[in-house]
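J.: Take this structure, written in structure tokens, and hold onto it; I'll ask about it next.
Every number here is computed from the coordinates shown, using simple stated rules; none is lab data. Predicted model only: the values in this text are computed from it and were never measured. Neighbour counts are summed over all protein chains in view; Cβ atoms, including those assigned to glycine, are modelled from backbone coordinates with ideal geometry.
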Amino acid sequence: MWTYLHKLASPPHFYGLANTLIPWFAVPGYLLIAFGAFAGLFVAPPDYQQGDAFRIIYVHVPAAYLSMMAYLLMAVAGGIGLIWRMKLAHAVAAAAAPLGAAFTFLALATGSIWGRPMWGTWWEWGDPRLTSELILLFLYFGYMALRSAIDDVAKADKASAIFALVGAVNIPIIHFSVEWWSSLHQGPTLIKEGGPAMDPAMLYPLLAMIFGFTLVFGAQLLRRVRTEVLYRERRTRWVRHMILTQEGES
Amino acid sequence: MDTLAMGGYGAYVWSCFTLTVVVFVFNTWRTRVRHRAVYRDLEVRIKAVEEHL
């Protein structure tokens, strides 16, 4: 087990393995998204309160879920990098940040568009869910700015890992904000006592979208980690050999 | 046309799905461009060193 993990963390091994894994994430991911989007837009019945506007849930919820998962991944990878000094973990954290920021932006934008017909406003500053999600976007920006401000990769890894770990306190705040405080945002739909509060015809497309988004995120993350590994290992013999023999381009 | 109208919420629903496609395309494009840029930069540097040797 430890031998395998040690081998997995080896940059040349991971670089090759990631290239093999990318299509295994991307193809089922896009298929699930295609199914979920079709069923969510054309098969699921309209909501009895929100009508067809509820269909925004099929892009909003997966984006919001990934915005938090990407940050948790960043913080956990940063922590692993700090404790076990694993370079690959820092590469994963660095690669997750731009993707997490993109999904946070998507969650905020689709939430705002959904809010206009349902709440009568694009944005409500006093709302804890909206504000804590916006803070998450700023945390991603801060993380990326901090990384790019430090030239030394090892120092940038250390500083940004501490930043990600401290910022992780915002994740439970986002998740529980609708329960802790009064909010315009609706309460939990999927993860709640007694199971999801949705009809199966609405639920299955949503689950397909969530898994599909996660798999595509995984594919994009693997590709970004490969780039990070390549840059960090640019002075090593295996990268020189790979470039000269043209083995690693894709 | 009823499908496009989405019960009067068409503009909101379709703009969200369009934005999602844009974000996915941007993420994929940006990831590929960055990888190619890093790879080509290394290729040029490493081959230049090899020729010099």
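J.: Taking R0 as 30 Å, what's the FRET efficiency between A:Arg116 and A:Leu72 from their Cβ-Cβ distance, rounded to 0.05? Let's see the in-between values first.
T.: Details: r = 30 Å, r/R0 = 0.99.
Rounded to the nearest 0.05, the efficiency is 0.50.
J.: If I fit a long axis through the Cα atoms of helix A:11-38 and take the longest principal axis of the Cα atoms of chain A, what angle between them do I get, 0 to 90°, rounded to 10?
T.: Long axis of A:11-38 versus the principal axis of chain A: about 20 degrees.
J.: Give the cross-link partners of B:Lys47 among the aspartates and glutamates, using a straight C-alpha distance below 18 Å as the criterion and excluding same-chain residues fewer than 8 apart.
T.: A:Glu233, A:Glu247, A:Glu249
J.: Ranked by Cβ crowding within 10 angstrom, fewest neighbours first, how are A:Asp52, A:Asp199 ordered?
T.: Working: A:Asp52 21, A:Asp199 12.
Ranking A:Asp52, A:Asp199 by Cβ neighbours within 10 Å, fewest first, gives A:Asp199, A:Asp52.
J.: Among A:Gly142, A:His60, A:Pro46, which residue has its Cα furthest toward the positive end of the charge dipole of the protein assembly as shown, with +1 on Lys/Arg Cβ and -1 on Asp/Glu Cβ?
T.: Looking along the dipole axis, the top candidate is A:Gly142.
J.: Search the structure for amide H atoms under 5 Å from the amide H of A:Glu124, placed 1.01 Å from N in the peptide plane, and list their residues when 5 or more places away or on another chain.
T.: Excluding prolines and chain starts, which carry no amide H, there are no hits.
J.: How much length is gained on full extension from A:Ser10 to A:Trp84, taking 0.36 nm per residue of separation minus their Cα-Cα distance? Kindly include the intermediate steps, with their values, before the conclusion.
T.: Details: separation 74, 0.36 × 74 = 26.64 nm, distance 1.35 nm.
Taking 0.36 nm per residue and subtracting the Cα distance, the gain is 25.3 nm.
J.: To continue, here is another question. Can you give me the angle between helix B:10-52 and the longest principal axis of chain B, using Cα atoms only, in degrees from 0 to 90, rounded to the nearest 10?
T.: Tilt relative to chain B: about 0 degrees.
J.: Separate question: Could you list A:Ile83, A:Ile173 in order of exposure, starting from the residue whose Cβ has the fewest other Cβ atoms within 10 Å?
T.: Details: A:Ile83 10, A:Ile173 17.
Placing the least packed residue first, the sequence is A:Ile83, A:Ile173.
J.: Now for a separate question. How do A:Arg235, A:Arg240, B:Arg32 rank when sorted from fewest to most other Cβ atoms within 10 Å of their own Cβ?
T.: Working: A:Arg235 10, A:Arg240 18, B:Arg32 14.
Result, fewest neighbours first: A:Arg235, B:Arg32, A:Arg240.
J.: What value, in deg cm²/dmol to 500, does the helix sum -39500 (n - 2.57) over DSSP H runs of n ≥ 4 give at 222 nm once divided by the residues of the protein assembly as shown? If you can, show how the numbers build up before the last one.
T.: Working: 11 runs with 233 residues, N = 303.
That comes out to -26500 deg cm²/dmol.
J.: Distance between Cα centroids, the range A:184-239 to the range A:90-130: provide it in whole Å.
T.: Between the Cα centre of the range A:184-239 and that of the range A:90-130, the gap is 15 Å.
J.: Can you work out the Karplus-derived ³J(HN,Hα) for every residue in the range A:49-56? Use 6.51 cos²θ - 1.76 cosθ + 1.60 with θ = phi - 60°, whole Hz, and x for glycine or proline.
T.: 9, 9, x, 6, 4, 5, 5, 4
J.: Please determine, in degrees from 0 to 90 and to the nearest 10, the orientation of helix A:128-149 with respect to the longest principal axis defined by the Cα atoms of chain A, where the helix direction is its Cα long axis.
T.: Tilt of helix A:128-149: around 20 degrees.
J.: Right, something else. State the dimensionless ratio Rg/Rh of chain A (Rg: radius of gyration of Cα atoms; Rh: Kirkwood radius).
T.: 1.02
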